[in-house]
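Inspection log for the structure reproduced underneath, given as structure tokens.
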Amino acid sequence: MTNKIVNDIARLLPEDMLSEIIKHAASNSAADFVNARLSCKAVRAASNYDQIFENVSMEKLNFVPWRRSEKVLQKRCEAAQNAEALYRKGMMDCFSLREFEFGLHCLKKAAEKGHVEAIYTYGIILICFGGELREQGLRIISSLDLTNSSKRRTRIVTSCRLKTENFLSNMWVYAALTEPTRISRSCDSDIRERPNSSSTSSEGQAWEASKKVPINIPICGSGDFNLFWADND
């Protein structure tokens, strides 16, 4: 099918209907989404909405965007609050770019959108810090509902661990974890201003999760902590 035919068909469809079709394609494959945008002007115009970029599947994309096109797509998806894009940005900021507070905020935003690996990572990091943050981390991990069945629990935790290990193995890891003074309000990579020192340490750390903390959470072993924690000495 030529681009002219595609363009003619696209122009006949109402834009909201065309946007829904593109949204469905984007949620299945980033490559299909990009190819659709390149097919004709009508499709490109109908695909410039946040609700579409919010649902773009990033499964087949590199964890770390090396190509310019990947970086542009990653940044656009972050702006649209795409959960996977926020998770990836958070991981990069926390463990490679030394922007821990910005990264932790992105992980928090992804977790709030139900991103399983972000919930796991954000929860484990808070548990590592101890004190009140440890209790908060346990509540966050409890939202994964790991107490239902042993098979489901094992599957969720194994998947989270493997994705975390794969992600960390694909980037330079520079920073050991240090407790944040506060969680930044922005995860825009262009923002470099340090948070206001007068802000309270608890600002921005509220988490809406189950108050029930599982008795046997299978994520508190040294293997999980070693994924994120490094000795500063």
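The values are calculated or read from the model by the stated rules, or taken from the named source; none is laboratory data. All figures in this text were calculated on a predicted structure; none of them were measured in a lab. Methodologically, a virtual Cβ is constructed for each residue, glycine included, from the backbone with ideal geometry; neighbour enumeration extends over all protein chains shown. These accessible areas exclude ligands, DNA and RNA; they are computed on the full protein's heavy atoms, side chains included. Shrake-Rupley method; radii C 1.70, N 1.55, O 1.52, S 1.80 Å.
Label-to-label distance, residue 48 versus residue 31, with points set 7 angstrom from Cα along the beta-carbon direction: 2.7 nm.
Peptides 105-111, 134-140, 12-18 ranked from most to least packed by the mean count of surrounding Cβ atoms within 10 Å: 105-111, 134-140, 12-18.
Counting heavy atoms of the protein chains alone, residue 154 has an accessible area of about 80 Å² for a 1.4 Å probe. Gain on full extension, evaluated as 0.36 nm per residue between residue 70 and residue 168 minus their Cα-Cα distance, stands at 33.4 nm.
List the pairs from 23/151; 109/163; 23/113; 23/60; 60/89 whose alpha-carbon separation is above 28 Å, in the order I gave them.
On the way: 23/151 33 Å; 109/163 18 Å; 23/113 18 Å; 23/60 17 Å; 60/89 16 Å.
With Cα atoms farther than 28 Å apart: 23/151.
Hey, if we sort 163, 113 by accessible area with the 1.4 Å probe, largest down, what's the order? Don't skip to the answer; put the middle values down first.
Values: 163 40, 113 90 Å².
Descending accessible area places them as 113, 163.
Ignoring ligands, DNA and RNA, please state the percent of accessible area on the range 68-158 from carbon and sulfur, probe 1.4 Å. That share works out to 48 percent. Report the local net charge at residue 28: Lys and Arg +1, Asp and Glu -1, summed over other residues whose C-beta lies under 14 Å from its C-beta. Around residue 28, the surrounding residues sum to -2.
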